[in-house]
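The values are calculated or read from the model by the stated rules, or taken from the named source; none is laboratory data. Quick caveat: nothing in here was measured; it's all calculated off a predicted structure. Here the Cβ positions follow ideal geometry from the backbone for every residue, glycine too, while neighbour counts run over all protein chains shown. Calculation scope for accessible area: heavy atoms of the full protein, side chains included, ligands and nucleic acids excluded. Shrake-Rupley method; radii C 1.70, N 1.55, O 1.52, S 1.80 Å.
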Amino acid sequence: MNYSRFLTTVSKNRQPSLIRDLTSLLTNASPELVFMAGGLPNPQMFPFQAASVTMKDGRALTIHPKLMTDCLQYLPTPGYPPLIKQLKALTEKIHAPPCWVDSELIVTAGSQDGLCKALEMMINQGDYLITQEPCYTGTLSILNPYQPRYLPVTADHEGMNPEALKAVLSQWQPQDVRDAEEGVPKVLYINPNACNPSGVSCTEKRRHEIYRIASDYNLVILEDDPYYFVQFGDIKDFHPSFLSMDTDGRVLRFDSFSKVLSSGLRVGFVTGPKPLIQRILLHKQVSILHAPAMSQVLVSELLHLWGEEGFFRHIRAVQDFYLKQRNAMLEAAKKHLTGLCEWAVPTGGMFLWLKVPRVPDTWDMIMERALEKNVILVPGKAFMCDPSLPCQYMRAAFSVITPEQMEKGLESLAELICEEIALQ
């Protein structure tokens with residue numbers, strides 16, 4: 001593929017940071033190397049010597065003095081080498097990317113850091129951007145300053161609709177789009193599993209159809225998948241990722257540990273074609289330098305302590321917990337919102353996407369009157385490409401509240417909706 005056509009002028013103009021490149025030499029340097037190239041602070045001046053983190057099972061994860069230096073010192077921009085190796089092994093096992101030999105993986109400060117840099121790399125002011133709708137509000141917040149020409153694609157209980165995708169692309173012929181530099185869509189953004197906010201997952205059949213369309217039109221697919229490990233079901237039965245079917249080298253995949261290990265650690269990773277990953281890497285060299293070192297070492301040591309079996313055992317525990325939370329939320333919704341709202345059963349994640357058919361727009365109801373009932377949700381407009389249009393949806397998160405709070409909250413929400421209907 002000609003990746004140059006996907007890059008913005010700013011991204012094309014980025015040059016490697018010489019100091020960052022020289023610092024990366026330390027990873028495999030000879031013990032005899034006299035390193036006078038980088039301004040590395042002397043570890044003797046670090047006030048921290050060692051640490052021990054107590055696990056919930058009682059075991060201790062010990063950060064000995066040598067490892068503590070890794071935690072506190074500058075790291076190579078791609079990431080902590082032992083963690084990179086572990087993540088590559090995990091990605092190869094789960095996704096088996098067809099273009100693996102031409103792919104690269106780097107660690108980012110949470111998956112949204114990687115997504116933000118990828119969008120900056122590919123979107124110029126006023127460019128077209130294809131996205132499923134509803135769309136994660138954080139992505140829209142990244143994009144809106146570029147004033148993109150959104151091409152929203154409707155999604156239902158089976159995810160992004162390929163026929164709707166064809167419809168938004170129908171104003172162009174594939175041969176007119178494939179090599180064009182300007183005035184055509186080049187990027188497709190999708191949140192394929194347990195989509196935020198709807199909680200639905202794209203079916204395998206639709207994924208293959210979407211990939212084929214992307215191939216016809218020469219689109220890069222941004223596969224934003226932070227809820228991959230929070231799907232409900234056996235991981236062996238998960239739908240194949242776009243990365244796993246990427247025979248062209250057109251998928252950038254964004255993964256995160258926020259939902260399964262810790263959101264505060266800020267550890268995510270991006271996988272995709274080497275030329276595109278290299279551009280993201282150059283951006284990292286001049287912005288965050290590297291993802292948090294302490295967090296990367298902690299995650300690496302945790303994966304080493306657990307091993308593959310322990311990691312997947314933890315994933316199953318996470319899935320079981322959120323499945324129970326979802327079921328409790330559905331029970332409360334059935335009890336209090338039947339006849340007032342419509343919803344699809346989430347296939348994973350942390351959210352219930354509610355439609356209020358008899359309320360034309362939920363914005364004022366939520367933003368001006370919900371707090372009086374001691375309940376708050378996110379109005380659906382926040383997830384729409386054009387927030388000036390009325391929206392009958394709202395998002396309820398069930399991740400941290402108890403079943404008792406779900407009961408109380410949805411009972412109050414029902415009262416609010418009834419009062420809102422009376423005002424119509």
*Give me the number: length gained by fully extending Asn374 to Lys12, i.e. 0.36 nm times residue separation minus the C-alpha to C-alpha distance, one decimal in nm.*
125.3 nm
*asked:* Run the simple label-point estimate for Ala344 and Leu67 please: 7 Å along Cα→C-beta, distance reported in nm.
replied: 4.3 nm
*Where the accessible area of the chain is counted over protein heavy atoms with a 1.4 Å probe, how much of it, in %, is carbon and sulfur?*
54 percent
*asked:* Between Ala167 and Ser399, what is the label-point separation in nm under the 7 Å Cα-to-beta-carbon projection?
replied: 3.2 nm
*When the chain is fully extended, how far beyond the present Cα-Cα distance does Ala29 get from Asn124, taking 0.36 nm per residue of separation?*
30.2 nm
_Violating pairs (Cα-Cα greater than 21 angstrom) within the set Lys12/Lys117; Lys88/Lys259; Lys334/Lys355_ = none
*Any lysines with Cα under 18 Å of the Lys166 Cα? List them, leaving off those in the same chain fewer than 8 positions away.*
Lys186, Lys205
*Name the helices (complete DSSP H segments) of the chain with a Cα length along the long axis of 24 Å or more and a Kyte-Doolittle mean of at least -1.0, or state none.*
293-337, 403-423
*Mind running the shape call on the range 207-288? Use the C-alpha gyration tensor, a ≥ b ≥ c as the square roots of the eigenvalues: rounded below 1.5 for a/c, prolate if a/b tops b/c, oblate otherwise.*
oblate
*Here are some values of Kirkwood radius over Cα pairs in Å: (i) 21.7; (ii) 22.5; (iii) 23.2. Which one was computed from this structure?*
(iii)
*asked:* Mean-square fluctuation check for the chain, GNM, Cα pairs under 10 Å: which of Lys335, Lys381, Lys66 is largest?
replied: Lys66
*Counting only the heavy atoms of the protein chains, how much of Trp172 is accessible to a 1.4 Å probe, in Å² to the nearest 10?*
30 Å²
*Tally Lys and Arg at +1 and Asp and Glu at -1 over the other residues with C-beta under 13 Å from the C-beta of Gly339: what net charge comes out?*
+3
*Which value in nm describes the separation of the simple spin-label points at Val101 and Met294, placed 7 Å from the Cα toward the beta carbon?*
4.3 nm
_Reachable aspartates and glutamates, given that their alpha-carbon falls under 19 Å from the alpha-carbon of Lys381 and they are not under 8 places away in the same chain_ = Glu133, Asp156, Glu342, Asp361, Asp364, Glu368, Glu420
*Run through the DSSP bridge list for the range 117-240 and note the antiparallel percent, rounded to the nearest 5.*
15 percent
*asked:* What figure, in Å² to the nearest 10, do you get for the accessible area of Glu419 with a 1.4 Å probe and non-protein molecules left out?
replied: 90 Å²
*Excluding Pro78 itself, what net charge comes from residues whose Cβ is under 12 Å from its Cβ, given Lys and Arg +1 and Asp and Glu -1?*
+3
*In what order, largest first, do Arg358, Arg207, Arg59 sit by accessible area if the probe radius is 1.4 Å?*
Arg358, Arg59, Arg207
*Set the Förster radius R0 to 41 Å, insert the Cβ-Cβ distance between Leu323 and Leu22 as r into 1/(1 + (r/R0)^6), and round the FRET efficiency to 0.05.*
0.25
_Residue-span extension gain [Asp364 to Thr54] - 0.36 nm each, minus C-alpha spacing_ = 107.0 nm
_Order of exposure, largest accessible area first, which applies to Ile315, Ile235 with probe 1.4 Å_ = Ile235, Ile315
_Among Gly114, Gly310, Gly380, residue whose mean-square fluctuation peaks in a GNM of the chain (springs only between Cα atoms under 10 Å)_ = Gly310
*Accessible area per residue of the chain at 1.4 Å probe, in Å²?*
46 Å²
